[in-house]
1. Students sometimes get this wrong: rank PHE325, PHE114 by accessible area, probe 1.4 Å, all chains present, largest first.
2. With a 1.4 Å probe and all protein chains in place, put SER373, SER366 in order of accessible area, largest first.
3. Given contacts defined as C-alpha pairs under 8 Å and at least six residues apart, what's the relative contact order of the chain, whole-number percent?
4. When the chain is modelled as a GNM with alpha-carbon springs shorter than 10 Å, which of ASP115, ASP21, ASP360 fluctuates the most?
5. For the pair ALA381/THR132, report the inter-label distance in nm, with labels modelled 7 Å from Cα in the Cβ direction.
6. Return the distance in nm (one decimal) between the two label points of a simple spin-label model at THR395 and HIS283, each offset 7 Å from Cα along Cα→Cβ.
7. Let me check I've understood the local charge: for SER6, count other residues with C-beta under 10 angstrom from its C-beta, Lys and Arg +1, Asp and Glu -1. What total comes out?
8. What does the chain give for Rg and for Dmax, in Å, if only its C-alpha atoms count?
Amino acid sequence: MYLTLSKRFEFAASARMQNPDWSPEENGAYYGAAAGHQYGIGNNYTAYFIFHGPVDPATGMMINVSVIKERVGAILNQRWDHKFLNVDTLPFNRVPPTPENIARILLLETQAAFDDSSAKPVAVHLEVTPLTSATAYLDGTFERSFWIEFSAARRTCSPHLSDDENEQLFGVASSKMGHGHNYRLRATVTGRVDPDRGLLVPYQERCSALNDLRAMLDHKNLNEEVAELKGWPITTESLAHFCYEHLSNRLPMVRVRLFETSWFFAEYDRDSRTRAGVLREFHASHRLHDPKLTDEANRALYGKCNNPSGHGHRYRVEATVDGEFDKRSGVLADLNWLYESVGNTLEPWGFKHLDAEIDDFRERTSTGENIVSILWPKLDAALAGRLYRLRLWETENNRFTLRKDI
Ligand code: NI
């Protein structure tokens, strides 16, 4: 089990992407519309700083989020926020401030700031726009993600099953009249990056691969009109696999995630693993307070989360399962089973005060770290031991992730 805490920050900056040794055409092919521009292009960046370390059983915390706020906030204020990166923020006077390079430098700076901490930054995830992001990891590898959207009609069914079997398995979604979705696909590439160039994949290369896939699927009937899909079960798990196969011929892919709706997705990765996940929410109040400590010590430790009358959140939970993917039906997990199992597990916590009303939190205060670790065995049992990754957003700023296999 591997626990991470992700803390979200924003900063605004301008950045110029240009290799002085290249022609304007070469720069354009590599950096796209961001190339050139004497004064840089402006961006509102969202940066997620991801920490890993042991949880202190006494406080229920891996690290006090206010310490992250203070130290990372100071770094961003000093060098990053409201700057022209090429001029104000070294080393971007010599290397281009691409998303990959920015994430890498932020990770280096944050590492130095948490030398004395048992929780260490392990990755920085930089969202440049809602359609693209870059992640830098400690081992020197990078990921870059690109989102595309497409609308398509389909009948959920497998050509390897009879009509009766399809109806039994997929219910109304197997209707021969079809139905439709606005799909959102996140394609993630991986590798190492030459800092002087700064991108995992040149702009033109990734655009043409992604545009070709979108053109193949957008505004099509997936069962009838897409020759490449002949013989594939038309399920979201199977479509994720198809998109991965298609893109991996041209890009150094590591995984795709395909959202069928805002609350259901399937993933396929380079180890040929299929996964499926659902997002659900619950409303709860809570108060971080340790009765063994003085009021003053509690305030110092938990800050405003110690408010005596409590406070609350609309918690968001993302549960992802793995398991045996059935190639014949194209199904990894029955969607209703997945959705209901997560909902039923969360149900007793909904509209309650976690610390005052729920036995699970009598001995352990309801920090995000404790909530995910208390929720994991319950959810895993409800999901037949197939839980792979569990995420909890306390707010958009604070996310806790527990995963099985690192
Ligand atoms: Ni809270």
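The values are calculated or read from the model by the stated rules, or taken from the named source; none is laboratory data. All values derive from a computational prediction rather than experimental measurement. Using ideal geometry, Cβ is built from the backbone for each residue, glycine included, and neighbour counts are taken over all protein chains shown. Note: accessible area is taken over every heavy atom of the protein model, side chains too, but ligands, DNA and RNA are not part of it. Shrake-Rupley method; radii C 1.70, N 1.55, O 1.52, S 1.80 Å.
1. Numbers: PHE325 50, PHE114 0 Å².
Heavy-atom accessible area, descending, gives PHE325, PHE114.
2. Numbers: SER373 45, SER366 0 Å².
Most to least solvent-accessible, the answer reads SER373, SER366.
3. On the way: 818 pairs, mean separation 64.5, N = 406.
After rounding, I find 16 percent.
4. Taking springs between Cα atoms under 10 Å, the residue moving most is ASP21.
5. 4.7
6. Placing both labels 7 Å along Cα→Cβ, they lie 1.8 nm apart.
7. Residues near SER6 contribute +4 overall.
8. When restricted to Cα atoms, the chain yields Rg and Dmax of 23.1, 69 Å.
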